[in-house]
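A.B. asks: Encoded as structure tokens, here's the structure I'll be asking about.
The values are calculated or read from the model by the stated rules, or taken from the named source; none is laboratory data. This is a predicted model, so every value here is computed, not measured. Here Cβ is always computed from backbone atoms with ideal geometry, including for glycine, and neighbour counts include all displayed protein chains. Areas reflect the complete protein model, heavy atoms only, side chains present, ligands, DNA and RNA absent. Shrake-Rupley method; radii C 1.70, N 1.55, O 1.52, S 1.80 Å.
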Amino acid sequence: MRKYERRRVLRGSAGGPPRAASCRALRSGSMAGAWMPAPVSGKLVPGDPPSVSRATRRLLATVLSPAMAAASPSVFLLMVNGQVESAQFPEHDDLYCKYCFVYGQDWAPTAGLEEGISQITSKSLDARRALVWNFPIDVTFKSTNPYGWPQIVLSVYGPDVFGNDVVRGYGAVHVPFSPGRHKRTVPMFVPESTSKLQKFTSVCDTPAHALAHWLSCLPSWFMGRRPEYTDPKVVAQGEGREVTRVRSQGFVTLLFNVVTKDMKKLGYDTGPPDTQGVSGPSPPQGLPT
């Protein structure tokens, strides 16, 4: 009885020929390939791969491609939002602010606004005498290289004694590198005229400084314009800055909320978030954080 059952096991399905020779050949290693089910008869045939339709291949490519892209990203994202909070300009009032972003060749904006212009604001009535804008910032960048990390360029304008809009300050600062909430106080400056009249009046002694400043402004007043950059983005660049004469004037406070994505997967470690100095009111006038 046991011999009969053993013979039935060695026979193929549906009473086919015995496979003892094939089993001996597989044990001896003379037969290459793996045992796979044949598509019609259901028999185990060595080296016959299963057939895959084109629709199945397309479905697998659709499902696996996003997963493979997520596992090995080629770009990282930098999401920035916040606000141009306030400013300190002791000598000026009724000012508005423009901002724009400057970034490298490997960077590209994917969402949000790269530039904006705020409303005109007047000084507060408290002891700080701050100019409050609370103007929102919201932009997203993508890049493959941290070189050329985005900078925000600020330009503040206000009326002169004749009602003309003149520049009251330029400034620039990098977007914070680490994720989190950040507060930055940007020192502002204005370009000065290099006219011969100003060079002559600048050598006056201290009692005559007020008169010298008034005299140096006469040509600009008569011509209706003040020294300013044709493109504010040059503030974020180093080329030609060594030949520019500037004067410090005021501060602007910015708030940033920074989020990064896939930077660590590409090998960049931005470190812990820097959240120092984000709470509390703006600093007293003339004092940066």
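A.B. asks: Evaluate the following for Asp94: is it open to solvent by less than 80 Å² (accessible area, probe 1.4 Å), more than 18 Å from Ser155 (Cβ to Cβ) and not small (Gly, Ala, Ser)? Spell out the reasoning first.
C.D. replies: On the way: open to solvent by less than 80 Å² (accessible area, probe 1.4 Å): yes; more than 18 Å from Ser155 (Cβ to Cβ): no; not small (Gly, Ala, Ser): yes.
Taking the combined requirement at face value, the residue does not satisfy it.
A.B. asks: Which members of the range 171-214 meet the condition of being modelled with pLDDT under 90 and touching a strand residue (DSSP E or B) at 6+ places or on another chain (Cβ under 9 Å)?
C.D. replies: Narrowing the range 171-214 to residues modelled with pLDDT under 90: 191-214.
Listed by number, the residues that qualify are Pro191, Glu192.
A.B. asks: So, one more: With respect to Lys43, determine if the residue is at pLDDT below 70 and either out of contact with any Phe, Trp or Tyr (no Cβ under 7 Å at 6 or more places or on another chain) or of a type in the set (Asp, Glu) (or both). Give the steps one after another, and end with the answer.
C.D. replies: Details: at pLDDT below 70: yes; either out of contact with any Phe, Trp or Tyr (no Cβ under 7 Å at 6 or more places or on another chain) or of a type in the set (Asp, Glu) (or both): yes.
The answer is yes for Lys43.
A.B. asks: Continuing with the same structure: Please go through the range 225-266 and give me each residue that is within 18 Å of Arg184 (Cβ to Cβ), exposed (fewer than 13 other Cβ atoms within 10 Å of the Cβ) and aliphatic (A, V, I, L, M), ordered by number.
C.D. replies: Passing the criteria: only Val259.
A.B. asks: Could you give every pair whose Cβ atoms fall below 7 Å, whose first residue belongs to the range 228-251 and is charged (D, E, K, R), and whose second residue is modelled with pLDDT of 85 or more and outside any helix (DSSP H, G or I), counting only separations of at least 6 or pairs across chains?
C.D. replies: These pairs meet every condition: Glu228/Val167; Glu228/Pro191; Lys233/Cys100; Lys233/Val102; Lys233/Val153; Arg245/Pro191; Arg247/Phe189; Arg247/Val190.
A.B. asks: Just checking, how many residues over the range 235-270 are more than 27 Å from Ser118 (Cα to Cα), among the β-branched types (Val, Ile, Thr) and assigned to a helix (DSSP H, G or I)?
C.D. replies: Going through the range 235-270 one residue at a time, the tally reaches 1.
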